Amino acid sequence: MVHGPEYQPKTAFTRWLDQRLPIVRFAAEFMNFPTPTNLNYLWTFGGILAICLVIQLFTGIILAMHYVANTALAFDSVEHIMRDVNYGWLMRYTHMVGASMFFLAAYIHTFRGVYYGSYKAPREILWMIGVTILIVMIATAFMGYSLVWGQMSFWAVTVITNLFSSLDSIYKGLGTSIVQWIWGGFSVDNATLNRLFSLHYLLPFVITGLVGLHVWALHVTGNNNPTGLDIRNQDKETIPFHPYYTVKDFFAIMVFALLFAYFVFYVPNYLGDAANYQTANPLQTPPHIVPEWYFLPFYAILRAIPSKLGGVCAMFGALVILYFIPWLDTSRVRSTKYRPIYRYFFWALVISCISLGYLGSKSPEGSYLWAARFFTIYYFAHFLLVMPILGLIETPTPMPASVSESITGRREPRSGRGGMHPLPAE
Amino acid sequence: MDSTVDDHSDDVTRRDFIYIATGAFVAIGAAGALWPAIDQMNPDASALSLASVDLDLAPIQPGQAVTVMWRGKPVFVRNRTPEEVQKAKVVPLDDLKDPDARVLGVTAELPATDENRTKPGKENWLIMIGICTHLGCIPKGQSPADEKGPYGGWFCPCHGSMYDTAGRIRQGPAPRNLDIPPYQFVAGTKVKIG
């Protein structure tokens, strides 16, 4: 466990409280947490994500004061929020844009983890909790979008819940029963909408709990850093989280807020689909059913596979495979900074994901379909072939001996001090 | 090593300025972000649009009464007979439990005379909020079959408050006369409440 300086309660009251519920100790240890000195701005996205979660909870609970989860009233209640409720437009647009911002930050945060090997031992559990958070976020966002009960809401729920009917090809009747159980009826209707609202309200609190576990797991091992090297001298290679990283995170959050505010106040509907401003019509399918941008890569993978069950497995598999990365990657080197060959494959992965996103918005035919198949194959090959094989054959570039050395550029005497006694000032 | 550098630790530094400026902007930003969150719970535009109700009085015969909804509350509109008006006018102010006319929207303290509780030239029309000032039940007396109590006005079945023909509390646990909402007679036989 990584420890900073021990908290000492200074007053009689804080001593009394510390013996009964050490929350001040908890907060003090969090603020003093020894954090590597060399973290770059990619490490600010954890804090940004926490703020996104708070914003979504806050605006969401306010929206729930005015929203009605009934098929006859839902769409109108959203317009009531936009037009009648004081600042309702602000709450709705912030929540809507906030979901996109949440995923933008989550994807950057995840790619940071892949690039710097933050998933490698001893951070495997930290990584897996993160993947779980991503999956619960996806479920939450999907349900939230459905609540508007516009054309896209209704048909997205119909399409995605219908996926489970693919289980009929494994065991006759199983898929249909499960789909009816999810729907609460014979089609997507009021029963479905009501339970989507209930679960959409629930899951963000599940996410909050998972985030607590995620930060706890992080504090056990300590942060990774851009070199991927372990911290060996806490005094020289780390600084207290507060004030250094609180201030840096605050600055990063302000820049992020600028982007957020640009969308909310100038182009709030840019990231959305106009079709969702039409009320849901169960008798008319929109010409193009397209999910929100953050789901497009998964949508592309779903439609790339010719078989229905195969497509479903591939789409879920694209998420599930992330759990196994700590064991799929055989490299002894954490950070891609020192992996010259892997670096190309990493960017190939990024390009594949972005391309799949683009292709998810297109009709799955002709060259779009073949491109989607190509990038889907690369996506899985990256995890199942590149990561296991490359780690064994790649020669890393020369690495500094320690984090200190990477910062100061000076060679440290390899005296095996083990970080117990800091070197005297020169 | 003795200090040859002057001690400037008491001077206001650039850092102090930055701390205070940041703190001030955070406070302003937080207030700016918090206000919409609080204001959204205030009545919204659709609730405020229910602020007035129009009513055509022509179908209401002398001795008849109707109840309309205004801002979610029942409003008693009675076309009083001359006897009912007279009965209200002769009551001395000292006999009243509540001497205040209880006209909403008027800041001056008006005595609870029948004239103050109606509009000049239209004293047969009594328009009041039909909520007992005790604990909020709706008093009986609107329909001809209702119990009107000994003062001929309204009778609250919950705890026995008794109102006279001007809607003033005479006996029982209610502390105040029935409130008079803001209203105006508009063209012809219509009245606009609120």
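The values are calculated or read from the model by the stated rules, or taken from the named source; none is laboratory data. A quick note: this is a predicted structure, and the numbers were derived from the prediction, not measured. Here the Cβ is made from the backbone with ideal geometry for all residues, glycine too, and neighbour counts use every protein chain on show.
When you go through A:ASN223, A:ASN190, A:ASN194 one by one, which is the residue that is surrounded by 18 or more Cβ atoms within 10 Å (Cβ to Cβ) and of a type outside the set (Phe, Trp, Tyr)?
Result of the check over A:ASN223, A:ASN190, A:ASN194: A:ASN223.
Could you tell me which of the residues A:THR44, A:THR59 is in the same structural domain as A:ALA257 (by TED's automatic domain parsing), buried (at least 19 other Cβ atoms within 10 Å of the Cβ), under 30 Å from the mean Cα position of the chain (by Cα) and over 30 Å from A:PHE154 (Cβ atoms)?
A:THR44
Taking the condition assigned by TED's automatic domain parsing to the domain that holds A:ASN40 and crowded, with 18+ Cβ neighbours inside 10 Å, does A:ASN281 pass?
So A:ASN281 fails the test.
How many residues, within the range A:59-92, are within 24 Å of B:SER49 (Cα to Cα), within 13 Å of chain B (Cβ to nearest Cβ) and in a helix (DSSP H, G or I)?
Number of matching residues: 15.
Are there helices (runs of 4 or more DSSP H) fully within the range A:99-198 with at least 2 residues that are modelled with pLDDT under 95? List them.
A:151-162, A:174-183
Looking at A:VAL85, A:VAL24, A:VAL54, A:VAL97, which one is touching a helix residue (DSSP H, G or I) at 6+ places or on another chain (Cβ under 7 Å), closer than 30 Å to B:ASP44 by Cα and among the aliphatic types (A, V, I, L, M)?
The conditions single out A:VAL97.
Take B:GLY63 and decide whether it is closer than 30 Å to A:GLY88 by Cα and out of contact with any Asp or Glu (no Cβ under 6 Å at 6 or more places or on another chain).
no
Residues that are of a type in the set (Val, Ile, Thr) and within 21 Å of the chain's Cα centre (by Cα): find the helices (runs of 4 or more DSSP H) completely inside the range A:228-327 holding 2 or more of those.
A:246-266, A:308-323
How about the range B:138-166: which of its residues are surrounded by fewer than 23 Cβ atoms within 10 Å (Cβ to Cβ), in a loop (DSSP other than H, G, I, E, B) and not charged (D, E, K, R)?
Residues satisfying the conditions are B:ILE138, B:GLN142, B:SER143, B:PRO144, B:ALA145, B:GLY149, B:PRO150, B:TYR151, B:PRO157, B:CYS158, B:HIS159, B:GLY160.
Outside any loop (DSSP other than H, G, I, E, B), buried (at least 16 other Cβ atoms within 10 Å of the Cβ) and among the basic types (Lys, Arg): does that describe A:ARG25?
yes
Each row is one residue, and each column tells you yes or no for (1) in the same structural domain as B:VAL186 (by TED's automatic domain parsing); (2) more than 23 Å from B:TYR183 (Cα to Cα); (3) of a type in the set (A, V, I, L, M, F, W, C).
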{"site": "B:LYS87", "(1), (2), (3)": "yes, yes, no"}
{"site": "B:GLU109", "(1), (2), (3)": "yes, no, no"}
{"site": "B:THR113", "(1), (2), (3)": "yes, no, no"}
{"site": "B:GLU123", "(1), (2), (3)": "yes, no, no"}
{"site": "B:PRO139", "(1), (2), (3)": "yes, no, no"}
{"site": "B:ALA145", "(1), (2), (3)": "yes, yes, yes"}
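Which of (1) at pLDDT below 95; (2) over 30 Å from A:GLU79 (Cα atoms) does A:MET315 not meet, given it meets every other one?
(1)
Could you give every pair whose Cβ atoms fall below 7 Å, whose first residue belongs to the range A:383-399 and is exposed (fewer than 13 other Cβ atoms within 10 Å of the Cβ), and whose second residue is in a loop (DSSP other than H, G, I, E, B), counting only separations of at least 6 or pairs across chains?
A:LEU392/A:THR330
What residue, among those in the range A:287-310 that are buried (at least 19 other Cβ atoms within 10 Å of the Cβ) and not hydrophobic (A, V, I, L, M, F, W, C), is farthest from A:ALA105 (Cα to Cα)?
Once the filter is applied, the top-ranked residue is A:ARG303.
Among the residues of the range B:42-64, write down those that are more than 7 Å from chain A (Cβ to nearest Cβ), closer than 30 Å to A:PHE58 by Cβ and without any contact (Cβ under 8 Å) to a residue 12 or more places away in the chain.
Correct list: B:PRO43, B:ALA47, B:LEU48, B:SER49.
Tell me, please, whether a residue that is surrounded by 18 or more Cβ atoms within 10 Å (Cβ to Cβ), outside the structural domain of A:TYR342 (by TED's automatic domain parsing) and closer than 23 Å to A:LEU63 by Cβ can be found in the range A:112-133.
yes
Go through the range B:70-119 and count every residue that is of a type in the set (Gly, Ala, Ser), crowded, with 18+ Cβ neighbours inside 10 Å and under 27 Å from B:ALA51 (Cα atoms).
2
Of (1) within 23 Å of the chain's Cα centre (by Cα); (2) of a type in the set (Gly, Ala, Ser); (3) within 30 Å of A:VAL188 (Cα to Cα), A:ALA50 satisfies all except one. Which?
So A:ALA50 meets the others, but not (3).
Mind checking which residues of the range B:156-194 are over 18 Å from B:LYS73 (Cα atoms) and aromatic (Phe, Trp, Tyr)?
B:TYR163, B:PHE185
Here is a list of conditions, (1) farther than 30 Å from A:MET82 by Cβ; (2) away from every other protein chain (no Cβ under 13 Å); (3) free of Cβ contacts under 8 Å to residues at least 40 places away in the same chain, and B:PRO74 meets all of them except one; can you say which number that is?
(3)
Could you list, in sequence order, all residues of the range A:270-279 that are without any contact (Cβ under 8 Å) to a residue 12 or more places away in the chain and closer than 16 Å to A:SER146 by Cα?
A:ALA274, the sole residue that qualifies.
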